[in-house]
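Here it is: the structure, laid out below.
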Amino acid sequence: RAKATLGESVCFFEPGMDESARQRRQLAADLRHAVERGELRLLYQPQRSLRTGTLAGYEALLRWQHPVRGAVSPADFIPIAEETGEIIALGEWVLRQACIEARGWPGEEKVAVNLSPVQFLQPDLVEMVRAVLLETGLPARRLELEITETAIISDKLRALHCLRQIKGMGISVAIDDFGTGYSSLDTLQSFPFDKIKIDKSFLMRSEGSAQARAIIRAVLALGKSLDIPVLAEGVETESQLRVLEAEGCDEAQGYYFGRPAEAPSLEVTETRLQKIHPVSL
Ligand code: C2E
Ligand code: MG
Ligand code: MG
Ligand code: MG
């Protein structure tokens, strides 16, 4: 496996190797032991329904506390884990951990777990997910898997088969970072997604850019016509929330409602949500 090769060939002062390549190799090597050394944990970020004003669920987001470097961003280490193959073991750990923790929550909220395209391409993905649910006892209806289009473009038939099996278990599936990458209308129409997550880059530009706002509007219209709820990522301000409400967005997630946080602070988050926007039901 690529991972073993890469791990064994780690060399700290190979002449000619540039600093960033050396650092990547070191991170790849360190990542192989991160789970067993207890350096990884999950944080949870609330997702809020704009229709009912209630908490819709939480997205699990992976954090790595490196013993020397401190916090390493998943944006930096997930691509490395994908390159080495380590993401397969890591992703299974994430799923199991998220299911175990969600089972212990006081409420029945959904937990959304990110799946890497590399994981999605594993032939035993469906069996792995089934086994984790059985083992942890989390009801399938409380699990949502987030995938990006990168996961499905290489083999659409296989991906469709896979998604149908996952949905057949009662798990829901969201398409993440929609609008970036290879997003196509065809994909949306032919895959049974339960949610579209508009990438945060659009909302971030929505106030300054008429185009970004037009894209948000178009995705919402698309969701409406295909009858798929749309969640906007990256809501940081009240005025961004107003834009989403005006456009009829179904759900939202972002620092405005709560940063990714430890499970024990879930109740605090819920209280904060209600303070900002009292539940109107
Ligand atoms: P994502 O799945 O699109 O997750 C949303 C990212 O946006 C998270 O970054 C979250 O902390 C950040 N975010 C949420 N609200 C706001 C906001 O209001 N403003 C801004 N600026 N950012 C916001 P994070 O946690 O750094 O994760 C980055 C990416 O790393 C994720 O993007 C996902 O693609 C990947 N990732 C994280 N955890 C996992 C995991 O367990 N497995 C896999 N395969 N990928 C993961
Ligand atoms: Mg996500
Ligand atoms: Mg996203
Ligand atoms: Mg992403």
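What tally of residues in segment 184-202 results from selecting those that are surrounded by fewer than 18 Cβ atoms within 10 Å (Cβ to Cβ) and within 14 Å of ligand 4 (Cβ to nearest atom)?
Within segment 184-202, residues that are surrounded by fewer than 18 Cβ atoms within 10 Å (Cβ to Cβ) and within 14 Å of ligand 4 (Cβ to nearest atom) number 1.
Still on this structure, I have one more. Restricted to segment 140-185, and to residues that are part of a strand (DSSP E or B) and small (Gly, Ala, Ser), which residue is nearest to Leu62 (Cα to Cα)? It would help to see each step written out before you state the result.
Initially, segment 140-185 is screened for residues part of a strand (DSSP E or B), giving 143-147, 172-178, 180.
Filter once more, keeping what is small (Gly, Ala, Ser): 172, 174.
On the way: Ser172: 20, Ala174: 18 Å.
By that ranking, first place goes to Ala174.
Which of the residues that make up segment 63-97 are of a type in the set (A, V, I, L, M) and more than 16 Å from ligand 3 (Cβ to nearest atom)? Spell out the reasoning first.
Residues of segment 63-97 of a type in the set (A, V, I, L, M): 68, 71-72, 75, 78, 80-81, 87-90, 94-95.
Those that are of a type in the set (A, V, I, L, M) and more than 16 Å from ligand 3 (Cβ to nearest atom): Val68, Ala71, Val72, Ile80, Ala81, Ile87, Ile88, Ala89, Leu90, Leu95.
Give me the pairs: first residue in segment 129-158 and modelled with pLDDT of 95 or more, second residue within 16 Å of ligand 3 (Cβ to nearest atom) and of a type in the set (Phe, Trp, Tyr), beta-carbon distance under 7 Å, and six or more apart or on different chains, which are they?
Ile147/Phe120
For segment 203-229, what are the residues that are part of a loop (DSSP other than H, G, I, E, B) and surrounded by 16 or more Cβ atoms within 10 Å (Cβ to Cβ)?
Initial filter on segment 203-229 (part of a loop (DSSP other than H, G, I, E, B)): 206-209, 227-229.
Selection gives Ser206, Ile228, Pro229.
Please give the number of the condition Leu62 fails out of (1) more than 14 Å from Gln253 (Cβ to Cβ); (2) within 14 Å of ligand 2 (Cβ to nearest atom); (3) surrounded by fewer than 20 Cβ atoms within 10 Å (Cβ to Cβ).
Single failed check for Leu62: (3).
The values are calculated or read from the model by the stated rules, or taken from the named source; none is laboratory data. Everything numeric here is computed off the predicted structure, so don't read it as measured data. Cβ sites come from the backbone with ideal geometry, for glycine too, and all protein chains shown count toward neighbours.
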